[in-house]
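Let me begin by presenting the structure, written as structure tokens, before commenting on it.
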Amino acid sequence: MELSEEQIHRYSRHIILREVGGKGQKKLLSAKVLIVGAGGLGCPVGYYLAAAGVGTLGIVDDDVVELSNLQRQIAHNTQRLGMSKAESAKQTFEALNPDVQVLPIKTRLSKDNVLELFRDYDIIVDGSDNFPTRYLVNDACVFLRKPLVSGAILRFEGQVSTILPYDGHCYRCLFESPPPPGLVPSCQEAGVLGVLPGVVGGLQATEVLKLILGQGQVLRNTLLIYNALNVSFRKVRVPRNPQCPICGEAPSITELMDYEQGYCQMG
Amino acid sequence: MSEALKVDKEIDIRGLVCPYTFVKAKLAVEELQVGQTLRVLLDWPEAAHNIPRSMAEHGQKLSVKQLDEKQWEIIIKKEVED
Ligand SMILES: [Zn+2]
């Protein structure tokens, strides 16, 4: 692949970085990343990956744009109320960068389609807003041994972690199973500061770019917790758990499962 | 570096300004094998200082020659893969 004159201009601030260069930019252009959710997290992740020239972006979301999304979901806009979020994200990202092919996938992930949907991608980004999806995505990535950049937000706090299956922790190493729905914040409590997903999604996009470029360290065996009110970043070490029900020595989970929906969705 | 040195590749970036001068030079160096030599012809004064400095930081060996009032030649020998 040769960079065109237009690409040399567009990506010049990448090319002059020693850690990227023309070679790294070509890696970005050939990379395929799947983003689960075109909500608070998926919007900034997709926006920055598109700007960076990540060549193929799959976006899974079966929701439509609602007015209450627009306080934080920056790929959508007021004219697009009622439009599929995956389609709206495609329009925004392709308008930003025609080098990027965005594949909108208007479906809900389930144990029956997740492996097939993930198979062709290099890296999976979880920007989902609920526990059933979070566990399904983790399990599928473990089974496929695919890198997963996971993010979560609530109120003023966000978490980011990078899962490299069998080479580091997975989500179940930390929390074996989802909390019961009653222990999860109710819809009235599930507010989120609109800018918070911008910070957390920005960190997720950074992790993705480093994975593609093979540069720096990622949040392997680590959970990063950001608190917007205190302006604190805390790194918590999460070693791989030999008793993990999916990536441990004697796994009890050997096939995918769908948990009940019925949690409040807040992404 | 000797002036009689064999040059493996040449780029003429006269007419380009920063940072595209460095972008073009860097892309050309990436395409060289270690040990090969690139000749860069340019007319942007700032770049005549900045390209050698940045290339040296990246570990490459080079020499600069002012050809006339407004033209410079930089010879870069690729020492390390970057
Ligand atoms: Zn595990």
**OP:** Write out, first by first residue and then by second, each pair whose Cβ atoms fall under 8 Å of each other, whose residues are 6+ apart or on separate chains, and whose first residue, in the range A:219-246, is within 17 Å of A:SER177 (Cα to Cα) and polar (S, T, N, Q) while the second is within 16 Å of the ligand (Cβ to nearest atom) and open to solvent by 20 Å² or more (accessible area, probe 1.4 Å).
**Re:** A:ASN241/A:LEU174; A:GLN243/A:GLU249
Original post:
From the list A:ILE105, A:ILE123, which residue is away from the ligand (no atom under 14 Å from the Cβ), open to solvent by 20 Å² or more (accessible area, probe 1.4 Å) and hydrophobic (A, V, I, L, M, F, W, C)?
Top reply: A:ILE105
Original post:
What single numbered condition from (1) touching a strand residue (DSSP E or B) at 6+ places or on another chain (Cβ under 6 Å); (2) within 22 Å of A:ARG13 (Cα to Cα); (3) outside any strand (DSSP E or B) fails to hold for B:GLU79?
Top reply: (2)
**OP:** Please find, within the range B:49-63, the residue that is farthest from the other protein chains (Cβ to nearest Cβ) out of those that are open to solvent by less than 70 Å² (accessible area, probe 1.4 Å) and over 21 Å from A:HIS14 (Cα atoms).
**Re:** B:SER63
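Every residue, every condition in (1) acidic (Asp, Glu); (2) within 14 Å of chain B (Cβ to nearest Cβ); (3) in contact (Cβ under 8 Å) with a residue 12 or more places away in the chain, yes or no:
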position	(1), (2), (3)
A:GLU19	yes, yes, yes
A:GLY24	no, yes, yes
A:LEU28	no, no, yes
A:VAL33	no, no, yes
A:LYS90	no, no, yes
A:ASN97	no, no, yes
A:VAL100	no, no, yes
Subject >> Residues satisfying the stated conditions in the range A:141-175, i.e. more than 13 Å from the ligand (Cβ to nearest atom), open to solvent by less than 30 Å² (accessible area, probe 1.4 Å) and hydrophobic (A, V, I, L, M, F, W, C) >> reply: A:VAL149, A:ALA152, A:ILE153, A:VAL160
Original post:
Which condition number does B:GLY35 fail, the rest of (1) open to solvent by 50 Å² or more (accessible area, probe 1.4 Å); (2) more than 14 Å from chain A (Cβ to nearest Cβ) being met?
Top reply: (1)
**OP:** Examine the range A:205-227 for a residue that is out of contact with any Phe, Trp or Tyr (no Cβ under 9 Å at 6 or more places or on another chain) and either of a type in the set (Ser, Thr, Tyr) or modelled with pLDDT under 95 (or both), and state whether such a residue exists.
**Re:** yes
Original post:
Does the range A:86-100 contain any residue that is basic (Lys, Arg) and in contact with a helix residue (DSSP H, G or I) (Cβ under 7 Å, 6 or more places away or on another chain)?
Top reply: no
Subject >> Residue in the range A:176-204 that is farthest from the ligand (Cβ to nearest atom), counting only those that are at pLDDT below 90, in a loop (DSSP other than H, G, I, E, B) and within 26 Å of A:LEU229 (Cα to Cα) >> reply: A:GLN188
Original post:
Any idea which of (1) under 30 Å from A:GLY248 (Cβ atoms); (2) open to solvent by 30 Å² or more (accessible area, probe 1.4 Å); (3) touching a strand residue (DSSP E or B) at 6+ places or on another chain (Cβ under 8 Å) is the one A:LYS111 doesn't satisfy?
Top reply: (3)
Subject >> Checklist (1) open to solvent by 10 Å² or more (accessible area, probe 1.4 Å); (2) more than 10 Å from the ligand (Cβ to nearest atom); (3) of a type in the set (Ser, Thr, Tyr) applied to A:TYR135, failing item >> reply: (1)
Subject >> Listing of helices (runs of 4 or more DSSP H) fully contained in the range A:42-150 that carry 3 or more residues being closer than 21 Å to A:LEU256 by Cα >> reply: A:114-118, A:131-144
Original post:
Would you call A:HIS9 over 16 Å from A:GLN204 (Cα atoms), more than 14 Å from chain B (Cβ to nearest Cβ), not in a strand (DSSP E or B) and not hydroxyl-bearing (Ser, Thr, Tyr)?
Top reply: no
**OP:** Could you tell me whether the range B:24-38 includes any residue that is within 13 Å of the chain's Cα centre (by Cα), in a strand (DSSP E or B), closer than 25 Å to A:HIS14 by Cβ and of a type outside the set (Phe, Trp, Tyr)?
**Re:** yes
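The values are calculated or read from the model by the stated rules, or taken from the named source; none is laboratory data. Here the structure is a predicted model, which is why all the values come from computation and not from measurement. All Cβ positions, glycine included, derive from the backbone under ideal geometry; neighbour counts span all protein chains shown. When the accessible area is computed, the model is the full protein with side chains, heavy atoms only, and any ligands, DNA or RNA have been set aside. Shrake-Rupley method; radii C 1.70, N 1.55, O 1.52, S 1.80 Å.
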